[in-house]
Each structure stands twice: as structure tokens, then as C-alpha cells.
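Written out below as C-alpha cells is the structure these notes cover.
Nothing in this text is a laboratory measurement; each read-out follows from the coordinates by a stated rule. These figures come from a predicted structure and were not determined experimentally. When we count neighbours, we look across all protein chains shown, and the Cβ atoms used for this are built from the backbone with ideal geometry, even at glycine.
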Amino acid sequence: MRTVDKKSRVSRRQFLQTAGAGTAGVIAIVNGAFVMGANGAWAMEVENLQPSTMATLIQMARDIYPHDHLADSYYAKAMIGYDAVAGKNGDIKQLLETGVAELDGAAKAKHGTGYLSVGWEEDRADLLKAIEDDSFFQRIRGGLITGLYNQPEVWAKFGYEGASADKGGYIDRGFDDIDWLKA
Amino acid sequence: MAKTYDLNDDSVVVIIGSGAGGGTLGNELAQKGIDTVILEAGGRHEIQDFENDEWGMFGKISWLDPRTTSGDWRVAKDFSGLPAWIVKAVGGSTVHWAGASLRFQEHELKVQSTYGGIAGANLLDWPITLKDLEPYYAKAEDKMGVTRTNDIEGLPGNNNYKVMKAGADKLGYKHCHTGRMAINSAPRDGRGSCQQIGFCFQGCKTGAKWSTLYTEIPKGEATGKLEVRANAQVLKIEHNAQGKVTGVLYADAEGNQQLQKARVVCVAGNSIESPRLLLNSASSMFPDGLANSSGQVGRNYMRHMTGSVYAVFDKPVNMYRGTTMAGIISDESRNDPSRGFVGGYEMETLSLGVPFMAAFLNPGAWGRSFTSAMDMYDHMAGMWLVGEDMPQESNRITLHDSKKDQHGLPIPNVHFDDHPNDIAMRNHAYQQGAAVYDAVGAVRTFPTPPYPSTHNMGTNRMSEKPRDGVVNKWGQTHDVANLFVSDGSQFTTGAAENPTLTIVTLAIRQADYIAEQMGQKAI
């Protein structure tokens, strides 16, 4: 049967030459205004939120919907819109800054370090579990449903081919090509 | 060029809504030479406007006006502002329906006699029998081009169907096939055949699936006897001192109020808006709402017992390829109280794309349990479970006591509590659905909770006696002779089958009656 190639084809856009500094995690903060992925695979400028807040939100996004076959850039793309929203809406900015500060506070109390530097996903998920009914968590989780899963770039990584009418549908492209069912 | 009618023309039949009920009725009346105006709240999006994009089309065609929910149903928790997943556009929900076209079973039209007393259920026999409906079912199947009727071949089975069929065979189910679908398996009636595109819920790009948008409505317009006014949100039905309806007040595309006079008014706005309109049309003569002397307007809201089962296999399925509802198992649709519930349910394949699967597989869930399921998306098969739910008086559409819509009218609240029979049936259906997939080696199955209601029924129900319901066996309101209900809200009970075929059937039958009554000057 015809299957979909799910391999990652992230273009490594080198916005910055070097990973300047920062944390032990793969998401770094550079020059106080940029958030950057591992090895400079992607980077974004943050204008309204604190860059450390955005970095934590991106990690939080991955911890809420962890897909090991998705690079951080997809999570970053799902979250970057909050920076512009925060620029226009003071309530949202407050919700996000306070939410992240409290999450960091809980992480420090339990692990002696901020959320981004808590090493195990399981430990970070426990911190999220404690706030899962809060409006901060629910806003981030709810937004990810479309922010992450409605990115056409991620569909192929789940083996989903998206629009088909422009390709003539599947009548000649494997709508009935399953070959492993035993009678 | 389609005919247009003057607002002061009081000879016209005005139909509110252009979906399976309103769109069909409009064409049927026009074919008989009756001057007809359809007022449709939504816009007119033709096939070229359809996109293979789940959220894109959701935003474009869904009914997203504010609504509230209450009751213990899970939809009230997961989708509190979206009780129903229906369409606000010319063609109504026939734009996004899947196409399953099943006749009701004989006993499902007389459930009070068949099931007896069920505590908490407001059961009632329909005032019509299967025999009354059969000639009209035949006309509807021919009109819609339903596969496996009228010598029309069944559709070919896709991967999702093949998994279901293999499991059904292993379990010993005898009635599994690719369905009776209003989707062309070969060109018919000026429309092409199914190209197995998928995206049936987003509007059929080839028109192979029947929708009033590109069948009934243009056919009616071609007679010169039908005008369809899009972006016309009806606010109130007006009546005279004799208690006869005289016209319809609506807001046009610019938000200006217009009054279209009418000889007859037919309400077909789906089972939330139709009772809401009758309730919002209360007057000093009808203080509890129009046609509501029984107090039954808005009550007995039904939405089918639903749920889904998705299953993961160790090899790929690619269920999204091809028709969304690609096959059916009917073995559980019988009434067999030994299973612990009355009534029955159908099992119908269903697939969602990645965007909708993320939203509906297990709403609110997060973490590895959820994402490990999503990671196996291309290895999933899926089915929808749809069965008869019990009518309950307290499951009802009411007017919100403070929230208003953009026109200043109270928004509807949709209250629904599951009946114990609904819960017992759902649990049985989850178990059997999982068994179908387990039989062919599923490694994991998911009992997925109900989506917002696509099958909305029963809020203006049909009854022999005026005290038990809102309309008679023709869909004519008991209280007002020239006011009709023409959508699924007239269903006395819901049966196990998808409602569209029966809505179309009742509309064809109602058109004959309206024409006869107009001919006799009775209305």
C-alpha cells in the first residue's frame, strides 16, 4: 500500500550564528530578545513578553502535547502568536507572565530550578498537572489544538495528506490499498 | 434568472431554512407551480467555495451564533458554546452531512407500543406508519440517488471500510456493507461520481454527494416559482386576529428588518432554531409561543445516542482516504431488550483528519496518553455509533433569560441529560465497536465521547392528539392551520437511523398535502 514519508524536513534557518548563552535546555534565550532552538535551527524575536516567558511557553507546549517526531520549531510556531496578542491585550500579557512566573515558582519549590531546567518531562508534566484546571493552562492547551495540529507542515509527520480534491481524490491513489488484512 | 417576489405578496409560501427539509419542500412546491420564498439565515457558498480544510470550512459554514448548554451530557462540558455541529448556509446541513440514507424500521415509528413504559421517557407512537412513508421513501431515494436502491450500485469500500468489514465478519455480523449512501457511485442526475476525496464533511467538491444546495434549490429556481433569499435571519412569525400566520419578520444581510407576507409559513431551521423561533414569536394571543398550546414546543429534544470508537493497528490504514462514512454494520440496530436497553444502534465508519482528530478524540486530554494515540493516526480505523435515544420532556430548548443575540433576541439554551437507556446503549456500543477492531488485531482502542450534535430532532414533535405534541401527521401545527414544521424537529422519536432521508421523505409528503390544502382553499 502507498504510505506517506513521515521523515522530518525542517529547514535549518540560521537566524543567528551562535548560541550565545543561557540554559541547559535546548531552548535558549539570546541577547535578551531572541528565543532560539537547539543548534540555532530556528529563532524568533520576542517584543512584548519576556523572552524567558516565551521560552517556557514553548517548552510547556511540548510537554502538553509531546511528539518526539516534531521539532521544537513547530511548537515555537504554535506559541509565537501570543507575543503579538500580549502586545495588544494587557490581560493576556498578565495571564501569561503570571502563569509562567507561578510555574517557575512551583518548579523552584520542588526541584530548586526554573521550569525550563527541570530535566525530566515526567517532572514537568507533574507541575502542569497541578495547574491543569487553571485558565492559564487551559488557554495554552486549547490554543495548541489548532495552533499545533492545524499546521499543514505537521500533517505529513502524522501520515495525513491534507487536501486531496486538487489531486483527483484517492480513487487512483490508494483509497482501498490496504494489504495486510487476513480473510 | 430566478424569480423574485415582493415583500407584500401575501400569496407566497414562505419556508424558513434551506436544508434537507426546507430545500426539498421548496423545490417540491415550485415543481407544483406554487410561488415559494425560502429565507436562509446563512450565505450561499457554491461548490467552488468548498475547501479540503477542516477548520477553514468549519469557520465558513458552521452555525456559530451564541448558544448555551446545560445538563449532564458530556458535550456541555467539552463544547459548552457549541451544542450542535450544523450548517448556516444555503443547503443547510446537507452541505456537510455524510450521506447515510437509511429508512426507519417499522417498530421505530411505534415505540410506545413496542417498548412499553420506560421510566423518565416521554415515548409516543408516530401518527403515521412505515406503510404511510414507504411510497415517499421510494421517491426520496430516487431523488437523492441512494446507493443500493433503484438499481444503483454500492460505493467501493475504502481502507477504513475494509478493516470494519474484516472485523464484522470475524464477529459473525451479517449486515455489513458500504451503506445506502446519497453519493453517486456512477454519474446520475447531472452530477458526477465519487472520486474518494474524503472531506465529505467539508462540502463535496464534485457534487457526487446529494445536497439541496446544488440539486433541489437550482431545480426549484429553474421553474421560476422559487426565490431563495440568503443571509435572511428570521426573527419572528407574525399572525392576525384570527390566529392565522400572515408573514415573517427577518433581518437582511445589512441587518435591516424586513417583513415578508405569506399565505403559508413552513419552519425548517433545525431542531434548535425552529422551536426557538416559535418561542420568540409569542404574542398576547399565544403567550407561551406560537403553536405551543401543548407546552411541547422545545421539549423532547433528541440528538441520538452517539459515540465513536477509534482503534490503532500495527500497520497503516490511512482511513482518511475516501468517503468519510464508507460502511455500516446494522446488526445491532434491532430492538432486543435482552442487551439491557430498548432500541438499537448503527455502526458506521467515520474518519477525521489530523486537525479534527486532535479536537475530538478525547476533548481536554493532554500528555503522552493522548499524543501516543495521535502519533498512530495513520494506523487508525474509526467508526461512529449512532442509536435511538429516549425522548425526555426535560431535554429541551429554552430561551435564555438574559443573553441576547446580535438582533436582540434571546439565545437558545440546549439542555440534555442522558437517559439510563442511552448510557446502557452507549456502553454496549463501545464494547461492540472495540470488539470489531480487536477481532482484526487492534493494539489499542479508544471510546471517543460524543461530538456536538449533528442529528437534532424532536423539539416540535408530531402527535395524533394535540395535547401530546406540536404538529399533526402532515407536519401542520395543531394550533395554526397555515403554519407547518418541515424539519427533523417534527420527529416523534428518533429511531436508530441517520435522519436526513426521513426529513426529505416527510418534506415530499408534506408538499403534496400543502398543495392539496391550498387547492381546496383550506389554507
remark   = Rounded to the nearest 5, the percent of DSSP beta bridges in the protein assembly as shown running antiparallel is 70
remark   = Taking a ≥ b ≥ c as the square roots of the Cα gyration tensor eigenvalues, with a/c under 1.5 meaning rounded and otherwise prolate when a/b beats b/c or oblate if not, chain B comes out prolate
Chain lengthening between B:K170 and B:D142 when straightened (0.36 nm per residue, less Cα-Cα) = 6.7 nm
Net lengthening on full extension, B:A365/B:D72 (0.36 nm per residue, minus Cα-Cα) = 103.6 nm
Calculated [θ] (222 nm, deg cm²/dmol) that DSSP helices of n ≥ 4 give over chain A, each run adding -39,500 (n - 2.57) = -13000 deg cm²/dmol
task = Please work out the Cα center distance from the stretch B:140-212 to the stretch A:123-183, rounded to the nearest Å.
result = 26
query = For the residue pair B:I423 and B:D314, what label-to-label distance in nm results when each label sits 7 Å from Cα along the Cα-to-beta-carbon direction?
reply = 3.8
key: Scaled radius of gyration (Cα, divided by 2.2 N^0.38 Å) that chain A gives   = 1.20
query = In peptide A:96-104, how many Cβ atoms from other protein chains are near each Cβ within 10 Å, on average?
reply = 0
ask   = Among B:E134, B:E28, B:E141, which comes first, then next, by fewest other beta-carbon atoms within 10 Å?
value = B:E134, B:E141, B:E28
request  = Rounding to the nearest 20 debye, state how big the charge dipole of the stretch B:207-307 is about its Cα centre with +1 on each Lys and Arg Cβ and -1 on each Asp and Glu Cβ.
outcome  = 260
key: At R0 = 45 Å, FRET efficiency that the Cβ-Cβ distance of A:K182 and A:A33 yields, to 0.05   = 0.15
Pairs from B:K143/B:K209; B:K143/B:K174; B:K174/B:K209 whose Cα-Cα separation, in the structure shown, is over 18 Å = B:K143/B:K174; B:K174/B:K209
ask   = In nanometres, what is the gap between the two model label sites at B:D512 and B:D252, each 7 Å from Cα along Cα-to-Cβ?
value = 3.8
Segment A:E153-A:D68, extension gain: residue separation times 0.36 nm, minus the distance between their alpha carbons = 29.1 nm
query = Which percent of Cα-Cα pairs in the protein assembly as shown sits in each 10 Å bin, short to long?
reply = 3, 15, 23, 24, 18, 11, 5, 1, 0
query = Per q in 0.13, 0.16 1/Å, what log10 I(q)/I(0) does a Debye calculation on the alpha-carbon atoms of the stretch B:27-178 return?
reply = -1.14, -1.47
inquiry  = Angle check, please: helix B:159-171 long axis (alpha carbons) against the longest principal axis of chain B (alpha carbons), in degrees 0 to 90, nearest 10.
reply    = 70
request  = Could you pull out which residues in the stretch B:171-209 have an amide N less than 15 Å from a spot 7 Å beyond the Cα of B:E46, following the Cα-Cβ vector?
outcome  = B:205-207
request  = Of the DSSP beta bridges with both residues in chain B, give the percent that are antiparallel, rounding to the nearest 5.
outcome  = 70
ask   = Zone of A:V4 (label point 7 Å along Cα→Cβ, backbone N under 15 Å): which residues in the stretch A:65-98?
value = A:69-70
inquiry  = Need one number: nm distance between label points at A:E47 and A:I92, each 7 Å from Cα along Cα→Cβ, rounded to one decimal.
reply    = 1.4
task = Treat the count of other C-beta atoms within 10 Å as a stand-in for reagent exposure and order B:H304, A:H69 from fewest to most.
result = A:H69, B:H304
task = Mean Kyte-Doolittle of at least 0.0 plus a Cα span of 18 Å or more along the axis: flag which DSSP H helices in chain A meet both, please.
result = A:51-64
query = Where in the stretch B:323-361 does the amide nitrogen come within less than 11 Å of the point 7 Å from the Cα of B:D438, taken along Cα to Cβ?
reply = none
note = With R₀ set to 60 angstrom, the calculated FRET efficiency between the beta-carbons of B:E106 and A:S135, to the nearest 0.05, is 0.70
inquiry  = How shielded is B:318-326 by partner chains, expressed as the average number of their Cβ atoms within 10 Å of its Cβ atoms?
reply    = 5
